[in-house]
Amino acid sequence: MQRSFSRNAIIGAVVLALALVAGCSTLRLGYNQGPELAYWWLDRYFDFDDAQEPRVREAIGAWFRWHRSEQLPEYASLLARAQVEISGPATPAQMCRWTDEVNARLDRAFERALPPLAETVRGLAPQQLEHMERKYAKNVRKYKEDFLQPDVQERRRAQLKRLVERAEMLYGRVSEAQRERIAQLSDESPFDAEAWLLERRRRQQATVDALRQLNAEGAGRQQTQAVLQRLYAETFRAPVEAYAAYQQRLKQFNCAFAAQVHNLATPEQRAHAAQRLKGWEEDVRALSESR
């Protein structure tokens with residue numbers, strides 16, 4: 001159950017701190033290190049030169065100041081609401097609404113990052129795009145190791161391990177019966193690792209081609225922003241109709257999967273989850289107030 005430059009290198013960078021530490025006791029420390037983590041993450045793709053570095057760091061810092069004041073309070077409110085809802089049963093539609101609410105906030109985060117991102121892209125040299133291609137290739141190799149093990153049973157076990165770890169991050173330790181049910185649900189997933197990798201590589205090549213064309217044309221701000229916006233949108237709805245339909249099926253399955261896993265949880269596990277959410281809410285509120 002998964003998610004190309006547009007999604008990973010844009011949103012992944014700007015919300016990296018929150019994503020890296022979600023669910024752990026060092027959330028406050030991690031988020032406060034967010035600008036440094038985000039710069040490091042982007043630099044792995046672009047290998048910024050000495051002239052680019054201060055401008056990129058300033059843009060990242062400005063984005064985090066905005067995110068701290070504008071979006072963290074919204075996330076705290078979402079976490080507070082989740083504490084109430086988690087005590088009752090869940091439906092697939094409810095889980096999809098949560099997904100849509102979070103994605104709407106990621107859209108706004110991307111919109112805020114778009115102007116400085118476009119300026120950074122306009123200043124990239126050809127060798128930096130070559131560097132990005134090499135990073136993409138490295139990512140593909142890592143993805144194959146993690147998701148495309150030659151042995152089908154090994155692949156299945158790795159998938160189950162990831163799913164159980166995600167469930168336990170929120171609900172605490174799962175029972176053997178719950179683990180078996182999660183395994184059954186996992187086996188029903190429409191997720192296709194091979195198809196996902198093919199689409200990922202298509203997006204990567206499309207991104208490199210688009211950035212090279214912008215570079216060759218000396219594109220202005222508006223054109224660059226429009227291209228980046230398109231690449232971002234294609235992450236959620238692929239231009240290939242068959243893959244777009246697959247994305248929708250996978251989303252619906254994941255909503256149903258999340259609801260079923262929640263409904264497997266005992267009252268004690270739901271109470272544990274509520275406490276986890278409360279701790280995250282307190283951390284996020286503290287972060288939003290320390291400016």
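Observations on the structure shown:
- Matching entry among Ala245, Ala206 (being surrounded by fewer than 14 Cβ atoms within 10 Å (Cβ to Cβ), closer than 30 Å to Leu114 by Cα and among the hydrophobic types (A, V, I, L, M, F, W, C)): Ala245
- Residue within the stretch 149-160 that is over 25 Å from Leu129 (Cα atoms) and either surrounded by 17 or more Cβ atoms within 10 Å (Cβ to Cβ) or touching a His at 6+ places or on another chain (Cβ under 7 Å) (or both) present: yes
- Residue identified as surrounded by 14 or more Cβ atoms within 10 Å (Cβ to Cβ), in contact with a helix residue (DSSP H, G or I) (Cβ under 7 Å, 6 or more places away or on another chain) and of a type in the set (Asp, Glu) among Glu199, Glu168: Glu199
- Residue in the stretch 219-237 that is of a type in the set (Asp, Glu) and touching a Leu at 6+ places or on another chain (Cβ under 6 Å) present: no
- Selection count, the stretch 79-100, where residues are assigned to a helix (DSSP H, G or I) and either touching a strand residue (DSSP E or B) at 6+ places or on another chain (Cβ under 6 Å) or not charged (D, E, K, R) (or both): 12
- Any hit, the stretch 264-276, residues being farther than 30 Å from His131 by Cβ and not in a helix (DSSP H, G or I): yes
- Filter pass, Leu214 being closer than 22 Å to Leu106 by Cα, of a type in the set (A, V, I, L, M) and assigned to a helix (DSSP H, G or I): no
- Where a residue in the stretch 35-47 is under 16 Å from Arg134 (Cβ atoms) and its partner, wherever it lies, is not in a helix (DSSP H, G or I) and not small (Gly, Ala, Ser), with Cβ under 7 Å and at least six apart: Phe46/Leu124
- Check on Ala206, touching a Pro at 6+ places or on another chain (Cβ under 9 Å) and part of a helix (DSSP H, G or I): yes
- Screening Glu234, Glu194 for residues that are crowded, with 19+ Cβ neighbours inside 10 Å and either of a type in the set (Gly, Ala, Ser) or out of contact with any strand residue (DSSP E or B) (no Cβ under 6 Å at 6 or more places or on another chain) (or both) leaves exactly one candidate, Glu234.
- Pairs meeting the criteria (first residue in the stretch 98-126 and closer than 23 Å to Asp43 by Cα and crowded, with 17+ Cβ neighbours inside 10 Å, second residue modelled with pLDDT under 95 and among the hydroxyl-bearing types (Ser, Thr, Tyr), beta carbons under 7 Å, at least 6 apart or on different chains) are Phe110/Tyr232.
The values are calculated or read from the model by the stated rules, or taken from the named source; none is laboratory data. The model shown is predicted, which means the values in this text are computed figures rather than measured ones. Neighbour counts are summed over all protein chains in view; Cβ atoms, including those assigned to glycine, are modelled from backbone coordinates with ideal geometry.
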